[in-house]
Amino acid sequence: MNALIISLTGEITETNFDEWKTDLLKQIEGIQKELKSDGDFVLATDQAKNLKQAEAALKKAKESAIEQAADIQRLFAAIDEVSAAARNARLFLEGQVKARKQEIKDEIVQSGIRKVRALVEAQSDDFHLTDTRSYTDRGLFEDAIKGKRGIDGMDAAVGLLIDRLQEEISNKATAVEARARKLSAIAPEHQPLFQDRAALLDQSDTDFEATITTRIQVFEQKQAELAAAPAPVLEPTPHQAKDDSDDLFSTSGVQEAAPQARGKFQITLLLRATEAEAEALTSEIRENYGSSKIIQSIKLDKAYS
């Protein structure tokens, strides 16, 4: 487009209005106000005609001036019209640019998330037991492209993030595999202590080793305490009690066989429950089985760490 040029002047280029006004005002001052003679009437009539002509001249001069000013007004109106059209077009284009930029950002972020999700899905079943949500967190990818200029800049930033996440996934997969092997190698009698496999696989190496050691130690200590506890003294039930007269009138000539030797057994329940739920279950067991003579004790202990 060529440069826009508009040149205006606010000055009156040509007029004799001041001189003309002075003459007219003098005529107005000299009009005949008292009419006495025929001559006064003739003079007044002529003066009235002159004033009427002056009014017509003034009206015509004003209309001419207004018409000349109308050209400027039309120019201003045209400028406003074109300015409004330019503004509307600009706002539309800016909206389109902004929307398309956001679409491109979303496409780059989604593409990165899909690539990392594919890396996660390629790992072992044990790996999928762990929490992997952080690897595909959308905010992670949006932060990576924040402040990057252009498509190439955003692509490069997401590429670097994917490389870093791939390394983290690989390292975690190796660690999870090692922990899984250790869990599988635990003695069968200790396997029930490690039912929370997903949580264990997601621990750090230090916490994982400490958890295994602590749980086995606590279990073995409980077993030792139970083995060292004295055997319970069993009281005969009412229908088993008898006095000396029972022996006198016994129709059997054979003595009853000696009772079979009693061994020690233990039932272990590993609960995943709140403290209130565990206490409620313990109360229910005591109520239903606490009077049994074969039960030595019913205790509720806090779960392993």
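Couple of notes before you dig in:
- Centre-to-centre separation between the Cα atoms of region 78-112 and those of region 115-173: 31 Å.
- Figure legend: label point modelled 7 angstrom from the Cα of residue 301 along Cα→Cβ; residues of region 191-227 with amide N under 20 Å from it are 191-196, 210-227.
- Taking the Cα centre of region 163-214 as origin and assigning +1 to Lys and Arg Cβ atoms and -1 to Asp and Glu Cβ atoms, the resulting dipole is close to 160 debye.
- Converting the Cα gyration tensor eigenvalues of region 66-209 into ellipsoid dimensions via √(5λ) gives semi-axes, longest first, of 63, 13, 10 Å.
- Extension gain, residue 156 to residue 117, is 12.2 nm, computed as 0.36 nm per intervening residue step minus the present C-alpha separation.
- For region 75-209, lysine pairs with C-alpha atoms less than 28 angstrom apart, excluding pairs fewer than eight positions apart on the same chain, total 14.
- Segment residue 206-residue 19, length gained on full extension (0.36 nm per residue, minus Cα span): 56.5 nm
- Gained length - residue 279 relative to residue 196, 0.36 nm times residue gap less alpha-carbon distance: 27.8 nm
- For residue 33, the lysines whose Cα comes closer than 30 Å to its Cα, not counting residues fewer than 8 places off in the same chain, are 21, 49, 52, 59, 60, 62.
We did not get these values from a lab; they are worked out from the coordinates using the rules stated. The structure displayed is predicted, hence computed values, not measured ones. A quick note on method: Cβ atoms are made from the backbone with ideal geometry, for glycine too, and the neighbour counts reach across all protein chains shown.
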